[in-house]
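Visitor: Quick one: this structure, given as structure tokens, is what I'll be asking you about.
Rule-based calculations on the coordinates, nothing more; no lab input. Here the structure is a predicted model, which means the values were calculated and not measured. Cβ sites come from the backbone with ideal geometry, for glycine too, and all protein chains shown count toward neighbours.
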Amino acid sequence: MSKKPKTPPKMPPKSKRKAQPQPVSITSSKTYWITLTAVMLVFGSVYGYMMKVAVAAIVLLLACVLFMIGFAYYLKFKPSTLKNNSRATFIFVGASVVGFCIWVAIVLLLSAVGFWPQIAISMGERFFATASLVICLITGGFIGDLVGNNKERISMFLRDRFGG
């Protein structure tokens, strides 16, 4: 008497299989970003007050942190038509070229107008230079991402405008 080999149990069709749940990321919740912003505002303000930091320096530090949080939020939730490598390239070029040029213009303008000594006395040259550079680089990265997302429109505009 021959034994029949056991047949494996039939698997349900792929359409009837339960989809595996995707892992939940805390950064995908908008509540996280609101809470992060509020905590950083409160913590930065209280810490600056307790350490007797100049009000202008506290405001600049909070602006720097808020720019970083805002840019991270923008990158997380704003879809892009570009591939990640291209998007990163546009952000890098925007930050390194446009952002740095904005920062140089601000520093030169403050020096020409005569505000630089007042800034140096109130919050320190290095602190202002570093915080303002971070803000300008983030602004340049944002501009670079906008240029990357609208590069077709920009090239059409330039072609129509200057004939190319």
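Visitor: Return one number: the angle in degrees, 0 to 90 and rounded to the nearest 10, between the long axis of the Cα atoms of helix 84-93 and the longest principal axis of the Cα atoms of the chain.
Guide: Orientation of helix 84-93: about 0 degrees from the principal axis.
Visitor: For Ala72 and Leu108 in one chain, what is 0.36 nm times their gap in residues minus the Cα-Cα distance, to one decimal in nm? If you can, show how the numbers build up before the last one.
Guide: Working: separation 36, 0.36 × 36 = 12.96 nm, distance 2.88 nm.
Full extension from Ala72 to Leu108 adds 10.1 nm.
Visitor: Next question, about the same structure. Restricting to DSSP H runs of at least four residues, report the calculated mean residue ellipticity at 222 nm for the chain, -39500 (n - 2.57) per run over all residues, nearest 500 deg cm²/dmol.
Guide: Value at 222 nm, helices only: -22500 deg cm²/dmol.
Visitor: Can you give the relative contact order of the chain as a percent, counting alpha carbon pairs under 8 Å and 6+ residues apart?
Guide: Working: 112 pairs, mean separation 43.9, N = 164.
The normalised contact order for the chain reaches 27 percent.
Visitor: Evaluate the charge dipole of the chain about its Cα centre and quote only its size in Debye, nearest 20, assuming +1 on the Cβ of each Lys and Arg and -1 on the Cβ of each Asp and Glu.
Guide: So the dipole magnitude of the chain works out to roughly 1940 debye.
Visitor: With angles folded into 0 to 90 degrees, how steeply does helix 125-149 sit against the dominant principal axis of the chain? Use alpha carbons for both and round to 10.
Guide: The angle comes out at about 50 degrees.
Visitor: Can you tell me the 0 to 90 degree angle between the C-alpha axis of helix 100-113 and the longest principal axis of the chain, rounded to 10?
Guide: 20
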